[in-house]
Amino acid sequence: KLRFDFTHFAKMTKEEVSQVEKIVNQKIRENILLKEERGVPIEKAREMGAMALFGEKYGDHVRVITYDPSYSIELCGGTHVPATGQIGLFKIVSEGAIAAGIRRIEAITAGKAEEYFNQQEELLEELKSILKNPRDLVKSVNSIVEENHTLRKQVAEADKIRLEQLKNELLKKSEKIGNIMFIGAQVDLTPDNAKNLAFELSKVTESLFLVLGTECEGKANLTVMISEKLVKEKGYHAGKMIRELAKEIQGGGGGQPHIATAGGKNPAGIPKALEMAKDIIERSSEVAK
């Protein structure tokens, strides 16, 4: 395994990474023999062209390691292979920033590199099998990605139409409690779409008090939306109210004065939470009278 930090102004391109791997693997295949010299005067080592790492401290006499005088002469106290061919194979597996202007590559060699390529081959074979062994794998994957993108757009459009229809249905079923338009319903939507529906309904009236309950993947979710006007005039706070309602679904939540959400593990408690919300409005209306 190798970790190497270096100064560089930008992320290495794929081409640069590939070029580094190509150079290193070429030197590995050349099977260059190690030349080790001990007790070399530091000045003589520098005259030889030995590379000294920035920040490292060296004594008067140093150890010089050479793999091809025209390629690699370094001052080093570490261990080294007798010949570069023993490294086998070099593969960079990551490259990224660790500080401003400092980047790091991590690489693997020998058995680890072989294991890496075997895993990649197994993954490729598995993918080909899933796609029924197409002649052109890249083209097949691109086709699936494009098809998925088209389907997502169609689903988004269908969701938009469905939300509009559901909005109209809920408006017809809304109840007038004092000067408040109350809507409390359990809907067959994802929590995100329930929240989108709440925002759409809030555009219809300035006196909305809305509570939506949804069941998704066996869990309960609540969304409370209160018009800004009601928040100011009556002091309602959706975030505080939903904490009480969430007890019925054995969960918790919170949010802002005008919108809040909660999640719980008891979908069967949604109807009770809706009833409780209505009771809160009815009691506050009675007090106002």
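The values are calculated or read from the model by the stated rules, or taken from the named source; none is laboratory data. Please read all numbers here as calculations on a predicted model, not as lab measurements. Cβ atoms come from the backbone with ideal geometry, glycine included; neighbour counts cover every protein chain shown. For accessibility, only protein heavy atoms count, side chains too; no ligands or nucleic acids. Shrake-Rupley method; radii C 1.70, N 1.55, O 1.52, S 1.80 Å.
How many residues does segment 66-98 hold that are over 41 Å from the mean Cα position of the chain (by Cα) and of a type in the set (A, V, I, L, M, F, W, C)?
Qualifying residue count for the region: 3.
Where in segment 28-140 are there strands (runs of 3 or more DSSP E), lying wholly inside it, with at least 2 residues that are open to solvent by 40 Å² or more (accessible area, probe 1.4 Å)?
On the way: elements: 35-41, 61-67, 72-75, 90-99, 102-109.
Where strands (runs of 3 or more DSSP E) fall fully within segment 28-140 and carry at least 2 residues being open to solvent by 40 Å² or more (accessible area, probe 1.4 Å), they are 35-41, 61-67, 90-99, 102-109.
If I ask for residues that are within 22 Å of Phe6 (Cβ to Cβ) and over 45 Å from the mean Cα position of the chain (by Cα), which ones from segment 46-57 would you list?
In the first step, residues of segment 46-57 are kept if they are within 22 Å of Phe6 (Cβ to Cβ); the result is 46, 49-57.
Within segment 46-57, Arg46, Gly49 meet the criteria.
Which of the numbered conditions does Thr79 fail, given that it passes all the others? Conditions: (1) out of contact with any strand residue (DSSP E or B) (no Cβ under 7 Å at 6 or more places or on another chain); (2) over 26 Å from Glu114 (Cα atoms).
(2)
If Ala268 passes every condition in (1) open to solvent by 40 Å² or more (accessible area, probe 1.4 Å); (2) part of a strand (DSSP E or B) but one, which one does it miss?
The number of the failed condition is (2).
Every residue, every condition in (1) more than 15 Å from Ile183 (Cβ to Cβ); (2) surrounded by fewer than 20 Cβ atoms within 10 Å (Cβ to Cβ); (3) small (Gly, Ala, Ser); (4) out of contact with any strand residue (DSSP E or B) (no Cβ under 8 Å at 6 or more places or on another chain), yes or no:
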| site | (1), (2), (3), (4) |
| --- | --- |
| Gly213 | no, no, yes, no |
| Gly235 | yes, yes, yes, yes |
| Arg243 | yes, yes, no, no |
| Gly252 | yes, yes, yes, no |
| Ala262 | yes, no, yes, no |
| Glu282 | no, yes, no, no |
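Go through (1) at pLDDT 90 or above; (2) open to solvent by 40 Å² or more (accessible area, probe 1.4 Å); (3) of a type in the set (A, V, I, L, M, F, W, C) one by one and return the number of the condition Val17 breaks.
(2)
Which of the residues belonging to segment 57-71 are closer than 21 Å to Gln26 by Cβ, in contact (Cβ under 8 Å) with a residue 12 or more places away in the chain and not β-branched (Val, Ile, Thr)? Write out each step before concluding.
So the first thing to find is which residues in segment 57-71 are closer than 21 Å to Gln26 by Cβ, and the list is 65-71.
Filter once more, so that each one left must be in contact (Cβ under 8 Å) with a residue 12 or more places away in the chain: 65-69, 71.
Scanning segment 57-71 gives Tyr67, Asp68, Pro69, Tyr71.
Residues that are within 26 Å of the chain's Cα centre (by Cα) and in contact (Cβ under 8 Å) with a residue 40 or more places away in the chain: which helices (runs of 4 or more DSSP H) entirely in segment 170-263 hold 1 or more of them?
Numbers: elements: 191-202, 228-234, 238-245.
Passing ranges, in order: 191-202.
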